[in-house]
Amino acid sequence: MPRFITLACFIAGSLGPIAFSQSRGGPAAVVYEGGRLIIGDGRAAIENGSFVVQNGRVTAIGPKDGVTAPAGAARVDLTGKTVMPGLINVHVHIGYEGYTSWGAENYTAQNVLDHLQREAFYGVVATQSVGSSPTDPSIQFQRDQIAGKFPPASRFFFMPGMAPPNGGPDAVLLKGTTVLHAVNEVTTADEARAAVRTMAGKNIKSVKIWVDDRRGTYPKMTPEVYTAIIDEAHKHGMKVHAHATTLADQKAVVRAGIDVLVHTVGSEKLDDEYLAILREKKPYWTTVIGLGDRTEVCDNDAFVDQTLPAKVVATIRATVEARPLAPSCGPRSPNAAAREETLAYNFPKMIASGARLVLGTDAGIHAGYTFGSADHHEIARWVQFGLPPSEAIVAATQRPAEVIGIGDLGTLAVGKSADFIVLNANPLDNIRNTRQIASVYLRGVRLDRDALLAKWKKI
Ligand SMILES: [Zn+2]
């Protein structure tokens with residue numbers, strides 16, 4: 001037996017690195033040269049730049065002339081291309097969408113993985129599910145993903161949700177979360193504190209709360225309860241994400257000290273009192289505008305359609321009657337113009353008052369606004385409302401990495417994981433060029449996007 005063990009160790013020791021480099025697509029060092037490099041921190045792009053990736057990490061980056069390739073390194077010519085860090089989405093609802101069906105029956109590790117692959121296909125390298133994922137299966141999924149048990153996909157993050165009994169998620173999401181008991185139902189401040197302590201005991205870093213009565217149809221979390229949640233969460237170094245959609249509720253939760261504000265007030269114009277609160281508190285802010293927009297499936301754009309079953313695309317295009325939280329290509333809602341005007345007024349005011357924009361989509365509720373493509377929609381909306389593309393990229397890369405606390409993602413820099421997007425056109429010229437994806441790399445490995453497409457088109 002000792003001989004066998006020795007032999008086994010020898011094989012593992014000698015073949016391990018070779019197997020590793022083969023499975024990772026080639027030599028241990030690769031130089032990507034000649035591209036325009038967007039760092040992701042708002043600095044000017046490096047024109048004609050180079051970077052070196054070794055064992056999944058960036059080990060050098062700079063102007064092409066200033067980067068020395070390690071001996072034996074493979075070279076990838078990116079002349080004419082633009083490279084940017086992978087996107088990071090801090091707000092989705094993962095696991096329930098089945099494209100031809102929706103619900104708790106779809107919630108499996110395999111389906112969570114599928115949604116993360118969709119995000120990765122579109123260049124999103126980390127994805128956070130907020131308030132709707134059952135805790136213990138999500139922790140298990142994270143462990144399994146870190147252990148390498150799944151094929152390449154966007155890195156999974158999640159946080160539990162808290163709401164009063166029968167409150168919380170919207171009417172669609174609630175159908176899934178109720179079956180899976182994914183939301184912690186709390187009535188009193190003491191219950192709320194106990195629930196947060198349980199989360200902290202599981203090393204959970206964030207929690208989502210809903211503060212919304214859905215126009216008087218839902219019980220609403222009281223200030224006493226959310227104040228207790230915020231206090232207890234902060235004691236344990238956790239961040240609180242708050243869903244609030246009205247001006248009064250946003251004022252209340254930001255004043256109370258939440259860390260991440262979810263949603264943009266779309267039916268009232270912001271007032272000076274709120275802007276003063278924002279200037280003082282400077283919350284992170286995820287806009288999640290797109291779920292309320294007309295679906296891009298109506299636009300016959302292959303970028304969106306390519307990952308959807310043809311039947312689903314056809315059904316959405318044929319739907320003309322407007323239904324809440326469902327896609328339709330009929331006449332625009334009578335409220336759409338007023339909403340647009342209010343968003344155009346409120347968005348720049350939020351930014352100017354110090355709200356720290358981060359990418360989140362709210363994807364997962366319906367197939368018309370879904371994993372991956374929705375990220376590009378949301379980013380383009382910001383620029384439409386006046387944000388410079390370079391700032392939009394920071395809000396979709398570096399800053400969400402900071403919010404989630406992912407140390408090795410968010411920028412193209414030495415020491416970071418080599419998770420990046422190669423684009424055929426420059427998004428600093430036109431933000432819609434984030435859609436011109438040539439390839440996506442996760443930990444230095446090129447994602448097989450064609451294989452993913454083939455899988456999705458079988459449905
Ligand atoms: Zn949401």
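It is to be established whether one or more residues within segment 251-274 are acidic (Asp, Glu), out of contact with any helix residue (DSSP H, G or I) (no Cβ under 9 Å at 6 or more places or on another chain) and modelled with pLDDT of 95 or more.
Yes, segment 251-274 contains at least one residue that is acidic (Asp, Glu), out of contact with any helix residue (DSSP H, G or I) (no Cβ under 9 Å at 6 or more places or on another chain) and modelled with pLDDT of 95 or more.
Answer yes or no as to whether Ile46 is in contact (Cβ under 8 Å) with a residue 60 or more places away in the chain, more than 16 Å from the ligand (Cβ to nearest atom), in contact with a strand residue (DSSP E or B) (Cβ under 9 Å, 6 or more places away or on another chain) and of a type in the set (Val, Ile, Thr).
Taking the combined requirement at face value, the residue does not satisfy it.
Residues in segment 138-179 that are crowded, with 17+ Cβ neighbours inside 10 Å, of a type outside the set (Asp, Glu) and either within 16 Å of the ligand (Cβ to nearest atom) or under 18 Å from Ala242 (Cβ atoms) (or both): how many?
Residues in segment 138-179 being crowded, with 17+ Cβ neighbours inside 10 Å, of a type outside the set (Asp, Glu) and either within 16 Å of the ligand (Cβ to nearest atom) or under 18 Å from Ala242 (Cβ atoms) (or both): 17 in total.
Residue by residue through segment 96-132, note down the ones that are among the small types (Gly, Ala, Ser), more than 16 Å from the ligand (Cβ to nearest atom) and touching a Ser or Thr at 6+ places or on another chain (Cβ under 9 Å).
Of everything in segment 96-132, those that are among the small types (Gly, Ala, Ser), more than 16 Å from the ligand (Cβ to nearest atom) and touching a Ser or Thr at 6+ places or on another chain (Cβ under 9 Å) turn out to be Ala104, Ala120, Gly123, Ala126.
Right, Thr287: free of Cβ contacts under 8 Å to residues at least 60 places away in the same chain and among the hydroxyl-bearing types (Ser, Thr, Tyr) or not?
no
What's the number of the only condition in (1) more than 16 Å from the ligand (Cβ to nearest atom); (2) under 29 Å from Ile437 (Cβ atoms); (3) in contact with a strand residue (DSSP E or B) (Cβ under 9 Å, 6 or more places away or on another chain) that Thr135 fails to meet?
Among (1) more than 16 Å from the ligand (Cβ to nearest atom); (2) under 29 Å from Ile437 (Cβ atoms); (3) in contact with a strand residue (DSSP E or B) (Cβ under 9 Å, 6 or more places away or on another chain), the lone unmet condition for Thr135 is (2).
For Tyr369, state whether it is in contact with an Asp or Glu (Cβ under 7 Å, 6 or more places away or on another chain) and among the aromatic types (Phe, Trp, Tyr).
No, not satisfied.
Starting from residues that are aliphatic (A, V, I, L, M) and either out of contact with any strand residue (DSSP E or B) (no Cβ under 8 Å at 6 or more places or on another chain) or within 16 Å of the ligand (Cβ to nearest atom) (or both), keep the ones in segment 341-366 and report whichever is nearest to Glu402 (Cα to Cα).
Across segment 341-366, the extreme among qualifying residues is Val358.
I'm told Asp305 meets every condition in (1) in contact (Cβ under 8 Å) with a residue 12 or more places away in the chain; (2) surrounded by 15 or more Cβ atoms within 10 Å (Cβ to Cβ) except one. Can you identify the failing condition by its number?
Result: Asp305 passes all but (1).
Taking Gly415 and the conditions (1) over 21 Å from Leu278 (Cα atoms); (2) touching a Phe, Trp or Tyr at 6+ places or on another chain (Cβ under 7 Å); (3) outside any helix (DSSP H, G or I), which numbered condition does it fall short on, given that it satisfies the others?
For Gly415, the exception is condition (2).
Residue-wise test of (1) on the phi < 0 side of the Ramachandran plot; (2) within 16 Å of the ligand (Cβ to nearest atom).
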| site | (1), (2) |
| --- | --- |
| Val260 | yes, yes |
| His263 | no, yes |
| Lys269 | yes, no |
| Tyr274 | yes, no |
| Lys282 | no, no |
| Thr286 | yes, yes |
| Ile289 | yes, yes |
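Within the bounds of segment 172-179, is there any residue that is touching a Phe, Trp or Tyr at 6+ places or on another chain (Cβ under 7 Å), outside any helix (DSSP H, G or I) and not hydroxyl-bearing (Ser, Thr, Tyr)?
Scanning segment 172-179 turns up no residue that is touching a Phe, Trp or Tyr at 6+ places or on another chain (Cβ under 7 Å), outside any helix (DSSP H, G or I) and not hydroxyl-bearing (Ser, Thr, Tyr).
The values are calculated or read from the model by the stated rules, or taken from the named source; none is laboratory data. Just so we're clear, the structure is a prediction, and the values are computed from it rather than from any experiment. Methodologically, a virtual Cβ is constructed for each residue, glycine included, from the backbone with ideal geometry; neighbour enumeration extends over all protein chains shown.
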